[in-house]
Amino acid sequence: MRKVQSLADLQSLRDEFRAEFCPADVKKVQVKIAMATCGIAAGAKQVMNHMVEKSKELGLDIDFTQAGCMGYCYAEPTLEVSVPGRESVVFGYVDETRADEILTKYIQNNELVEGIIPVNYETTD
């Protein structure tokens, strides 16, 4: 394995990784639903079942995946939506009504929907 000695080396390594493992021609939406204990207790299974059925009705080609804890227990059920060409977004407090909005507004029409959990980063020196 080669050593990374500069930012350019790191960017080159990233690009090589993306070319091998993240093909640019992937055009499928992915929805990861948090199914840890807190998510299941808050109704994540029902939300997932509803979204799978609703996406079929709408004719949307989506890969649904069960994920572990995303760390947002206070906002369960939570799910991450990855649309090709856009940054992934995590939604919280998702019920069947919000799930419908995510499918029709966010995924189909590229409109923002309430319930996005902002990403907060903390750095330490």
field: Under 20 Å, Cα to Cα: Lys pairs in the chain, sequence gap 8 or more or different chains
entry: 14
message: How much accessible area per residue does region 40-125 have, counting only protein heavy atoms and a probe of 1.4 Å, in square angstrom?
response: 63
message: So if a site counts as exposed when it's one of the chymotrypsin sites (Phe, Trp or Tyr not before Pro), its DSSP state isn't H, G, I, E or B, and it has at most 15 other Cβ atoms within 10 Å, what's the longest stretch of the chain without one?
response: 1-92
- prompt: Top mean-square fluctuation among LEU58, LEU13, LEU103, Gaussian network model of the chain, C-alpha springs under 10 Å?
  reply: LEU13
Extended-chain gain in nm, criterion 0.36 nm per residue less alpha-carbon gap, ASN109 and GLN30: 26.9 nm
task: Sum -39500 (n - 2.57) across every DSSP H segment of at least 4 residues in the chain, then divide by the residue count to get the 222 nm mean residue ellipticity, nearest 500.
output: -10000 deg cm²/dmol
task: For the chain, take the alpha-carbon Rg, divide it by the Kirkwood Rh, and send me Rg/Rh.
output: 1.05
- line: Residues other than ARG98 with Cβ under 13 Å of its Cβ, Lys/Arg counted +1 and Asp/Glu -1, net out at -4
field: Test item: Cα-centred dipole of the chain, Lys/Arg +1 and Asp/Glu -1 on Cβ, debye
entry: 280
statement: In degrees, nearest 10, the alpha-carbon axis of helix 7-21 is tilted away from the dominant principal axis of the alpha carbons of the chain by 50
query: With a sphere of radius 13 Å drawn around the Cβ of SER82, what net charge do the other residues whose Cβ falls strictly inside it have (Lys, Arg +1; Asp, Glu -1)?
result: +1
message: I want to verify a result. In a Gaussian network model of the chain, Cα cutoff 10 Å, which of these has the top mean-square fluctuation: ALA19, ALA75, ALA41?
response: ALA19
- request: Starting from the residue with the highest accessible area, list GLU20, GLU53, GLU76, GLU101 in decreasing order, probe 1.4 Å.
  value: GLU20, GLU53, GLU101, GLU76
query: Pulled fully out, how much extra length does the chain show between ASN49 and ARG14, if you take 0.36 nm times their separation in residues and subtract their Cα-Cα distance?
result: 9.0 nm
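The values are calculated or read from the model by the stated rules, or taken from the named source; none is laboratory data. Quantities reported herein were computed from a predicted structural model and do not represent experimental measurements. Methodologically, a virtual Cβ is constructed for each residue, glycine included, from the backbone with ideal geometry; neighbour enumeration extends over all protein chains shown. The protein model used for the area step is the full one, side chains on, heavy atoms only, and it has no ligands, DNA or RNA in it. Shrake-Rupley method; radii C 1.70, N 1.55, O 1.52, S 1.80 Å.
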